[in-house]
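Reviewing the structure listed below.
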Amino acid sequence: MTSIISTPVDAPRPQPSLSERRGVRKVPSAVFTVLGIFFLAVMLFPIYWMVNASLQPSGNTLSGEWFPVNPSFAGYQTAIADQGANLLTSLIVSLGTVVFSLAVAAPAAYALAQFRFRWVGAALLAILISQMIPGIVIANALYTAYNDLGLLNSIPGLILADATHAIPFAILILRASMLSIPASIIEAARVDGAGFFRAFVSIVIPISRNGLITAGLFAFLFTWSDFLFALTLTTTDEVRPVTLGIYQYLGSQVGNWSAVMATAVLSSLPAIVLLVIAQRFIAAGAVGGAVK
Amino acid sequence: MEKVTKILFVVPAGLFLLLFFGYPVVKNVTMSLQEYTSRTFFTGEAPWVGFANYVTIFTSNLFVPSMVNTALFTVGSIAGQFAIGLALAVFFKRRFPLSNFLRSMLLLPWLLPLIVASATWRSILDQDSGVLNQFIGVFGVEPVPWLTSPGVALIAVILVNIWIGIPFNVTILYGGLQDIPEELYEAGALDGATGWAAFRYITWPNLRPVVSVVLVLGVVYTIKVLDIILGLTDGGPANSTQTLSIRSYQESFVSFEFGVGAAYSNVLIIVSLLFALIYLRANRRAVDE
């Protein structure tokens, strides 16, 4: 403060050079790493807590330790006994949705990227808007339709419903990755006598590998995480995805927190594994889904 | 012939969109004009009742609170996610050891099933033995009834949703920051624009298109959130966390009043569509620029 006041008004203001100014702000980059680790630790604390709570001896209270000093796997035993079948159901539904969604979305994406239909713009608009329709709207209508068709409490019923999360997203992601395929490659194959379908399977699909992986990963994660359709389109425990299993734990026996948290950890494994091994595809999907 | 083959490529997707998006939207409109209850499933009868279901929802004493809660939940969540997300995106724009790894690990909360996040936060926010109250107890703060007091529950639910949304905001905004040419900052630095001034006059104007996409998309996703609220509070305590989508779910699948539930859904669709239109405009501008 004082230094500003005491500076003579007519004195030329000292202009620090660029390098000087950078010199002033030179903070060792390790400081940023430490700060970054701190931010990440705060953000991921709940996930740590989930793991920690899952390893506490089962009991009614949460007032366990801050660290799993004496880890107990009782929670996991209960979780697998109660929810093992539900985890399997989730896995089957998720894989089924991946296959179904890619099979429906890939040809459409290719057509929207390469064929010169006049209504491509309108179709893309419809797909964008479909992503914004609230899931509860779909659930309301599907419940009554499924009731008539006998699709309630069935794996195909869940796969079809979950594909509503996956297909519009997959079409947009895949189309973006297929836009850059040169039409000449496909023309060459066609000259050699391959039909459109043949050229699609043997040329377009292999070239679009990255897009297919990204779209498939997200189809899996969307479905694995789905709660709304599990909640509304199943009424018995024959076919019960694990997300609904957790919800019922929360309602009925929130007494046994270690089992609830062990189930939560088991349901988080796909996301954690995929984030670690397929990081770049996940990042591509997160960005691609928003701005395309 | 060639034309037919080409059209076959889009037939499956077109059919799917019609059956699983088109049909539900139409069905919600017709259902909302019918007395569609659990009896309908036995008798097959759903008498037309005109706008009676809309009269029911607009005169329900839960309508205004659920509208207000939807607005508070959406605005609160988006504001928090965006502010923190932008701060972290700017922070991670610097290159430092591990910066890429740390930033990508930040995505984890967003990838977890929402019901897992709800379960975890319920244990953290538990009034008697949750770790958050233990932690603030160290500073002498009385235990807060996060999820059991009507005055606090909505705030707690918003805080959890902010936590879930931060990674998405960081990722998209970080992508936007990467697209701002470094030369702009170098030129700005010569004119004395560093630190806050650089953010205000270089970063912000150039990030604007991405910002509008993130915000509108955030609203569209947040407005229809169901999992988090159902998992944390089920709309309670004392209806303090009721939103439009919770109302729709409970009318349809708890009270089996499908007609009333559909009417709530339609209000939700109209609100979402409004924001969808804003999104499309924002997105077009983002692509153009």
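The values are calculated or read from the model by the stated rules, or taken from the named source; none is laboratory data. The structure displayed is predicted, hence computed values, not measured ones. Here the Cβ is made from the backbone with ideal geometry for all residues, glycine too, and neighbour counts use every protein chain on show. These accessible areas exclude ligands, DNA and RNA; they are computed on the full protein's heavy atoms, side chains included. Shrake-Rupley method; radii C 1.70, N 1.55, O 1.52, S 1.80 Å.
Quick notes on this one:
- Residue in segment A:190-199 that is open to solvent by less than 30 Å² (accessible area, probe 1.4 Å), more than 24 Å from A:Leu274 (Cβ to Cβ) and within 11 Å of another protein chain (Cβ to nearest Cβ) present: yes
- Elements of the type helices (runs of 4 or more DSSP H) sitting completely within segment B:157-268 and holding at least 2 residues that are modelled with pLDDT of 90 or more, over 18 Å from the mean Cα position of the chain (by Cα) and buried (at least 19 other Cβ atoms within 10 Å of the Cβ): these cover B:244-253.
- Here A:Gly75 clears all of (1) at pLDDT 90 or above; (2) within 14 Å of chain B (Cβ to nearest Cβ) except the condition numbered (1).
- For segment A:236-249, a residue qualifies if it is in contact with a Leu (Cβ under 9 Å, 6 or more places away or on another chain) and within 10 Å of another protein chain (Cβ to nearest Cβ), and the qualifying residues are A:Pro241, A:Val242, A:Thr243, A:Leu244, A:Gly245, A:Tyr247.
- Within segment B:138-156, the set of residues being in contact with a Ser or Thr (Cβ under 7 Å, 6 or more places away or on another chain) and open to solvent by 30 Å² or more (accessible area, probe 1.4 Å) comprises B:Pro150 only.
- Residues that are among the aliphatic types (A, V, I, L, M), touching a residue at least 60 places away in the same chain (Cβ under 8 Å) and closer than 16 Å to A:Leu228 by Cα within segment B:245-267 comprise B:Ile246, B:Ala262, listed in sequence order.
- Lone unmet requirement of (1) among the small types (Gly, Ala, Ser); (2) open to solvent by 10 Å² or more (accessible area, probe 1.4 Å); (3) part of a helix (DSSP H, G or I) for A:Gly255: (3)
- Helices (runs of 4 or more DSSP H) wholly inside segment A:112-199 that include at least 2 residues being of a type in the set (Phe, Trp, Tyr): A:135-149, A:196-199
- Taking segment A:157-199 as the range and being without any contact (Cβ under 8 Å) to a residue 12 or more places away in the chain and more than 26 Å from A:Gly285 (Cβ to Cβ) as the test, the residues that pass are A:Ser184, A:Glu187, A:Ala188, A:Arg190, A:Val191, A:Asp192, A:Gly193, A:Ala194, A:Gly195, A:Phe196, A:Phe197, A:Arg198.
- Options B:Leu147, B:Leu114, B:Leu108: the member that is under 23 Å from A:Ser258 (Cα atoms), within 9 Å of another protein chain (Cβ to nearest Cβ) and touching a Leu at 6+ places or on another chain (Cβ under 8 Å): B:Leu108
- None of A:Leu158, A:Leu128, A:Leu95, A:Leu174 is at pLDDT 95 or above and open to solvent by less than 30 Å² (accessible area, probe 1.4 Å) except A:Leu158.
- Of all residues making up segment B:1-43, the number that are open to solvent by less than 30 Å² (accessible area, probe 1.4 Å), assigned to a helix (DSSP H, G or I) and of a type in the set (S, T, N, Q): 2
- Elements of type helices (runs of 4 or more DSSP H) contained in segment B:66-147, each with 3 or more residues being small (Gly, Ala, Ser) and in contact (Cβ under 8 Å) with a residue 60 or more places away in the chain: B:114-125
- Per-region count, segment B:89-148, residues small (Gly, Ala, Ser) and under 30 Å from A:Val27 (Cβ atoms): 3
- Positions within segment A:161-177 being under 14 Å from the mean Cα position of the chain (by Cα) and of a type in the set (Gly, Ala, Ser), in sequence order: A:Ala163, A:Ala166, A:Ala170
- Scope segment A:229-245; condition open to solvent by 20 Å² or more (accessible area, probe 1.4 Å) and not in a loop (DSSP other than H, G, I, E, B); matching residues: A:Leu231
- Considering (1) open to solvent by less than 30 Å² (accessible area, probe 1.4 Å); (2) assigned to a helix (DSSP H, G or I), the lone condition that A:Phe45 does not fulfil carries the number (1).
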